[in-house]
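First comes the structure, then the notes that go with it.
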Amino acid sequence: MIDAWSVNKTLDWTTNYFKDHGIEWPHLEAEILLAHSLNVKRIQLYVQHEKVLSSAELARFRGYIERRVKHEPIAYITGCQPFMGLDFIVTRDTLIPRPETEKLVELAIDIINSRSSVVSRNLPAGRQESLVDLGTGSGAIAVSLAKYLPQVKIIGIDISSAALEVAKQNAVKHNVVDRCRFIRGNMFEPLQDIGRVDLIISNPPYIPTKVISTLTPDVKDFEPISALDGGEDGLDYIRKLIDGAPNCLKPKGLIILEFGDGQAEKVRSYTKDKFGDTKIIRDPFDKERIFLGQNKSF
Ligand code: GLN
């Protein structure tokens, strides 16, 4: 069959097609989408490089590559995104979790683990630390924390019920549903009935409104704007989080916030004198990215 589309030939053709369309990682993305079309792991493409695609597989793949050249993010096409070594379900109702956000989760894990082991904390036997993820989206932060910290319970809050559905699916998928609760609500509002917590973590929307139109089409045309737009200077939600946190945190409770490029100075000055202790931490790309604040001890 002269025109048979083998795995190899399909990958070569698609890599060139993606290159012509300015796709960032042409070969890698071709592989991911082909593996997804064939319902196999990427490594299988090497094992089966001469396998000829059936017309159904080819049609499915064609659909995916057409979506990708229109700049739909690969995570929305495959419906999943790796984060913290776990696979998360994502839809267009949820932001796609970013690698820099893993740093927030790692920081929270380290702090909780070291706090739990400090005898002076004197947690009564069996008391689980309570964590809150504000604007949980796909639940990537909340579910990873529950997964890696078996001693905590976590509440994920979001205004979007569609996003919360995805977060719940992720909690089920990763077997942490017994320690995760997802509540629809506006920022701190649901905490009024819950009381003070040990840690608040959030990756809020923080892109300045006028910057949104300059973002890559993959982001601005596909991801939920409500998860990106942080108002005029990008800091609307960050200021609300900083103002609200002291009343929602236990004494010495912690807040961990992600913020955007170039916002560190404003975050520093806005948080001054509001917490017992504060720190700004860099992400793996060496950008100041995370605010860590410890509540006063009262
Ligand atoms: N880090 C995301 C981006 O640059 C923005 C996420 C957010 O606003 N929290 O696209």
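Among the residues of region 14-45, what is the count of those that are closer than 16 Å to HIS71 by Cα, in a helix (DSSP H, G or I) and either hydrophobic (A, V, I, L, M, F, W, C) or in contact with a helix residue (DSSP H, G or I) (Cβ under 6 Å, 6 or more places away or on another chain) (or both)? Of the residues in that region, 11 qualify. Taken over region 154-163, the criterion of being closer than 13 Å to ILE201 by Cα and either without any contact (Cβ under 8 Å) to a residue 40 or more places away in the chain or part of a loop (DSSP other than H, G, I, E, B) (or both) is satisfied by ILE154, GLY156, ILE157, ASP158.
Have a look at ASP221, ASP229, ASP236 and point out the one that is closer than 30 Å to HIS21 by Cβ, within 16 Å of the ligand (Cβ to nearest atom) and buried (at least 17 other Cβ atoms within 10 Å of the Cβ). Step by step, each of ASP221, ASP229, ASP236 is checked, and only ASP229 is closer than 30 Å to HIS21 by Cβ, within 16 Å of the ligand (Cβ to nearest atom) and buried (at least 17 other Cβ atoms within 10 Å of the Cβ). When the residues of region 193-249 are narrowed to those that are among the β-branched types (Val, Ile, Thr) and touching a helix residue (DSSP H, G or I) at 6+ places or on another chain (Cβ under 7 Å), which ends up nearest to ALA75 (Cα to Cα)? Among residues in region 193-249 that are among the β-branched types (Val, Ile, Thr) and touching a helix residue (DSSP H, G or I) at 6+ places or on another chain (Cβ under 7 Å), the one nearest to ALA75 (Cα to Cα) is ILE225.
From the list THR214, THR209, THR136, which one is within 16 Å of the ligand (Cβ to nearest atom) and either charged (D, E, K, R) or within 18 Å of the chain's Cα centre (by Cα) (or both)?
Sole residue among the options that is within 16 Å of the ligand (Cβ to nearest atom) and either charged (D, E, K, R) or within 18 Å of the chain's Cα centre (by Cα) (or both): THR136.
Can SER202 be described as of a type in the set (Ser, Thr, Tyr) and either more than 16 Å from the ligand (Cβ to nearest atom) or within 27 Å of THR278 (Cα to Cα) (or both)? Answer is yes for this residue. Would you call ASP273 at pLDDT below 95, more than 10 Å from the ligand (Cβ to nearest atom) and over 30 Å from ARG68 (Cα atoms)? When the stated conditions are applied, ASP273 passes them.
The values are calculated or read from the model by the stated rules, or taken from the named source; none is laboratory data. Everything numeric in this text was worked out from a predicted model, so none of it was measured. Here the Cβ is made from the backbone with ideal geometry for all residues, glycine too, and neighbour counts use every protein chain on show.
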